[in-house]
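Let me begin by presenting the structure, written as structure tokens, before commenting on it.
Any read-out appearing in this document is the output of simple, stated calculations on the displayed coordinates, not a laboratory observation. Keep in mind it's a predicted model, so treat the numbers as computed, not measured. Here the Cβ positions follow ideal geometry from the backbone for every residue, glycine too, while neighbour counts run over all protein chains shown.
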Amino acid sequence: MSNIVKELRKGNARKSAGRRPFPCVRDLLADHAETAPERYAILAPARRPMTYGALWTQANEVVFGLRNVGVRRTDRVAIVLPDGPEAAVAAITVAAGAVCVPLNPGFTCDEYQRYFDELQLAALLTHADLNSASRRAAQIQGVPVIDVSIRPNEGAGAFSVAGRAPQLLFDDEFASSADDAFILMTSGSTSRPKTVPLTHASVCLSADNVGAALELEARDRLLSVLPLFHGHGLISGLLAALAAGSSTVCPPGFDATAFFGWLTEFRPTWYTAVPAIHRALLAAADPYRQAAQRSSLRLVRSASTSLSSEVLDGLEALFGVPVIDTYGMTEASTQIAANPLQRPKRGSVGRPAGPKIAILDKAGRRLPSGKRGEIALRGPTITRGYDNDAAATASAFQDGWFRTGDLGYLDADRYLFIVGRIKEIIHKGGQKVAPAEVEGALLSHPAVIDAAVFPVPHERLGADVAAAIVLRQDAKVSVQSLRDFARGRLAGFKVPGLIVIVPEIPKGPGGKIKRNELAAGFSKIRPIQDDGKGVAPSSELERQLAGIWKDILDIDRISVDQDVFALGVDSLAMTQLILRVEECFGIMLSFEDIFDSSTVAALALRLESSKEGSLARPHDPPSQISRADADGAQSISIVQERMLRIERKLPGLPQFNLPFAYRLQGRLSIPVLEQSLAEVVRRHDMLRTVFIWQGDVPLARVVPDVDVRSILAVKDYADPAHTGDTRAKELLLVKAKLEAERSSLAPIDMNNAPLFRAYVFRLDARDHVLLLVMHDIIIDGWSMAIFMEELLKIYAAAISGAKVQLPEPSVQFSDFARWQRLWSSTEEANRQFAYWKRCLDKASPPFAAPKSSVGGELISCTLQESFQISNNLVTQLSAMSRDRGATLFMSLLAGFKTLLLLRSERNDICVATLMANRPQLRTERVIGPFANTTIIRTQLDADLTFGEALNRVRKAVLEAYARQELPFDIIAGRLAEETGLCPASLVQVYFVLQVAFRRALRLPDLTVRPFGYQEERSAMPIDRAWLSMTLKDTPSGMTGICGRKDDLFEPNTVQNWIADYTAILANAAANPNEQLGRLIDP
């Protein structure tokens, strides 16, 4: 307690004496180490805190290590580290003894080479085990590399470099106030990057200005969610917190869901972010609103781009604290203006809170309050100029004022308002993009003769990068190929989200591109909706397409310029769109068409162009499935026949039982649930189907009526004596899971419909578990989503006394089965088989497996290991996938194939997976086992980059999708007959991604969520796969199950492969340009 009192007294004494900035980073660290050595400085998830005493010791070690390799205090050292405590500690400690140059870990090798050449580096500091683009660039440029080795058992951010200090260094070993502390990169109007040198005196003063504006004290704590290679996160965040003697939490990158957990775990008092991050937090906040209201935050700070009133209001309502909008830029050591805590003004970025601010006209004359002009700055926090660009320095500095290029005005109270951007820099979600650099990349394409890059409004990011392209005469280049070309030469955030082919670029008399004219042209073409929340459809076709996407994605609104992949579009959603577009417009799209036209507006243009016959599938459309009212025995599908033949050989076993369990919390009416089940069964013939044999031919028979009471069992486990007892409830849940497992193993009688059973386990009056045990012969994953949606809609309508609005299915699964048998003997089916025969020619299995019968497959032990992929990593993978024109499934599969390449040492990799196989819109709402096994074959090489491997996987998936109708059993049978290929060898490795319900399971007075018991996995599988990977999308990330044959792998192999797989995904998401062989250790 005495130590706390002493620290409070010291803090109060410094506050009462007036806030005086430290002259340099060295003095900041030394002062806090002397006055409060045990106070926390750096914290991070799953790491011990680093104290100020330890941070000072670390600074001495780093400076000593730099001197050991010949780095002087005026030399420049680049830091390339991922977000986290090491990046924070490295930035501060390197700055204490040299010039720190933090760089974006996402740059390509080409970008690093250009920047390294401009920066004249003395060294690169990066992870010892990071085989990155920066390391390759350093080797090419001859820049010495200093390896960072993390010390995980010490404080957060602790690391070792070359050598340790035997004692504290002399003061002259450290940088002084006049020395440069940081060199920060900023993109200018030319293709050359500009470097902004900032002295210790300027950054320490700016950090102190931030602390004064926010009234920071030692007891405050920052939650750092920004990258530290920009001044906002580095100076206005980290350095400001340290200057106040407070602590900083450094998580491994921003994660909107994890953010709320960090609030609880670390109890920060503030965070600073760009509007894109604020929007992401609001979007993820619903489950955490009560916790957010009770959080330890006392303020939220925003900078980099203007904060909309809607976001500001949302943040204040969410956290119940003031939101401080500010204005800053790299050339001013970040902070320029900030709203006072006690008197913020809506729409303003605040009053001067650093350099002096003036509003100048074009002639450089100062303008009075209320008059708009260019914002100009003067003061000790302003950079001395761009040290690699004398012309840009002369242009920016006039009569002692730094001209920002931003348009604004000061009101009578000296509050600054920003009304526009004069400079051409595109601010995309906190990242800065130089149009000239993007244009240079596009102009290097052989088919491009002119290009102009400009910003377009974006709902989430504030602005997006757009490009107008002029092609050479007769050039045939798609927008997607141009985007792919740019991805290979630019960091992901710089790649244009919108590319349009134009006949010419508008330019002025001097040849300067009229970017404002281009941007204005898009605004005229795409009017903003009346509610201001997106771009409204400008044609009936756009309106219809927007309606289709809204229905598929279960969303209320969509802007016609919005990238649908950012809204969560996956292969199932694309399949639904293709079917509906064919139904509505008679045009057959492909996955490639949707990738190339990922907005409503672009897709509308593509459909209009189809009038000229530019859109076609690679094969003829299948004949229509028609409804038949045949009585008696009916044909069954190919996959159903395979299951029945296995059942006949192994009767009375639960090998095809699929359990689906849901927890129902709230008021549940068992009679209404029973009636609802009966109605779903009535609607779908497959739920009233039994299977019979006529000789050696299996057939189906639909029974007219089913007594649902015979398959719904209610079991009461409630214990009134222990109501409210947490421990008793946990035991009840365990009991329910055990009972679900036992019930799932009971065989289903194939002669009595329906071929599923339903159980309700009553835990208490308002808590139940619904278990549905379905036979695989009547259902697939898509069908189960239909089953639950209809069940809950019917139940909700019955509870409310309304009539349910569900159209009757236009066809039934038996119609599809009959159609499939007929279609499989057509010329189109033969063309598909010819493709698969070529595709799988000389395919060899990855593992040498003994031949086995069905019985052998059953008794061969399959071991399963579960794992988790974090929501943060899933978000990163999704963003990387969108940037590269791929789905999340394709990226996950590419990662899995990379694992097989590196661990099996085979380049020719076949992986089996499932496709929906619903070839016509009429099958979209039909229940039945439509899903078809498909083989994805890819040739990979360890020297390929992950992006190149993803392109190959993407191509193979798209080709397989276009030929998914032919049943795998027919393909395998004909290949065995014609080529001798063993069918079992094709499915040795299986990969499946189970997509979560797209539509929320909502009921009045009842919450429905998955119970988590073995959902969608057979209770007792006959597993033909030697190795399988099953991933399931969940709100908190992805759950995974890796299964393997016990007699194939050594012990612990699966655990090691799971670790390798998650590492491959993480490294690929961070740097898709990394070679496959370098994604994990050999």
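What does the extension gain come out to for GLN1055 and LYS837, with contour length at 0.36 nm per residue minus their alpha carbon separation?
Between GLN1055 and LYS837, full extension yields an extra 74.9 nm.
Please figure out what share of the DSSP beta bridges in the chain is antiparallel and state it in percent, rounded to the nearest 5.
70 percent
Does segment 667-712 classify as rounded, prolate or oblate by the C-alpha gyration tensor (a ≥ b ≥ c root eigenvalues; a/c under 1.5 gives rounded; else a/b over b/c gives prolate, otherwise oblate)?
Taking the square roots of the gyration eigenvalues as a ≥ b ≥ c, segment 667-712 is prolate.
Can you tell me how much longer the chain between LEU341 and LYS649 gets when fully stretched, taken as 0.36 nm per residue apart minus their C-alpha distance, in nm with one decimal?
Full extension of this stretch gives 103.2 nm more.
For VAL500 and LYS955, compute 0.36 nm times the residue count separating them, minus their Cα-Cα distance, and round to one decimal in nm.
Answer, rounded to one decimal: 161.4 nm.
Quick check on segment 21-268: what does the Kirkwood estimate of hydrodynamic radius come out to from the alpha carbon pairs, in Å?
Value: 17.9 Å, from the Cα pair sum.
Beyond a 29 Å Cα-Cα separation, which of these cross-linked pairs lie in this structure: LYS737/LYS1032; LYS715/LYS793; LYS793/LYS897; LYS550/LYS1032; LYS476/LYS837?
With Cα atoms farther than 29 Å apart: LYS793/LYS897; LYS476/LYS837.
So, in nm, how far is label ARG903 from label LEU443 when the simple model puts each one 7 Å beyond its Cα toward the Cβ?
4.8 nm
Which semi-axis lengths, in whole Å and largest first, follow from the square roots of five times the eigenvalues of the Cα gyration tensor of segment 916-982?
27, 20, 8
Would you please put 47-59, 942-954, 257-269 in order of how densely packed they are, using the mean number of other Cβ atoms within 10 angstrom per residue and starting with the highest?
47-59, 942-954, 257-269
So if we plug the beta-carbon distance of GLU827 and LEU738 into 1/(1 + (r/R0)^6) with R0 = 45 Å, what FRET efficiency do we get, rounded to 0.05?
My answer for the efficiency is 0.25.
Provide the FRET efficiency to the nearest 0.05 for the SER296-ASP696 pair, computing r from the beta carbons and using R0 = 56 Å.
Rounded to the nearest 0.05, the efficiency is 0.20.
Which FRET efficiency, nearest 0.05, do VAL703 and ALA283 yield, Cβ-Cβ r, R0 41 Å?
0.30
By counting other Cβ atoms within 10 Å of each Cβ, how are CYS1042, CYS839 ranked from fewest to most?
Fewest-to-most Cβ neighbours within 10 Å comes out as CYS839, CYS1042.
Over the Cα atoms of the chain, Rg to Rh with Kirkwood Rh, two decimal places?
Reported Rg/Rh, Kirkwood definition of Rh: 0.99.
Roughly how large, in nm² to one decimal, is the mean projection of the convex hull of the alpha-carbon atoms in segment 638-813?
Taking the Cα atoms of segment 638-813, their convex hull projects to 11.3 nm² on average.
Direction-averaged shadow area of the convex hull around the Cα atoms of segment 297-346, nm²?
Computing the convex hull of the Cα atoms and averaging its projections yields 3.5 nm².
Which of the peptides 1058-1070, 366-378, 336-348 is most tightly packed, and how do the rest follow, judged by the mean count of other Cβ atoms within 10 Å per residue?
Result, highest mean Cβ count within 10 Å first: 1058-1070, 336-348, 366-378.
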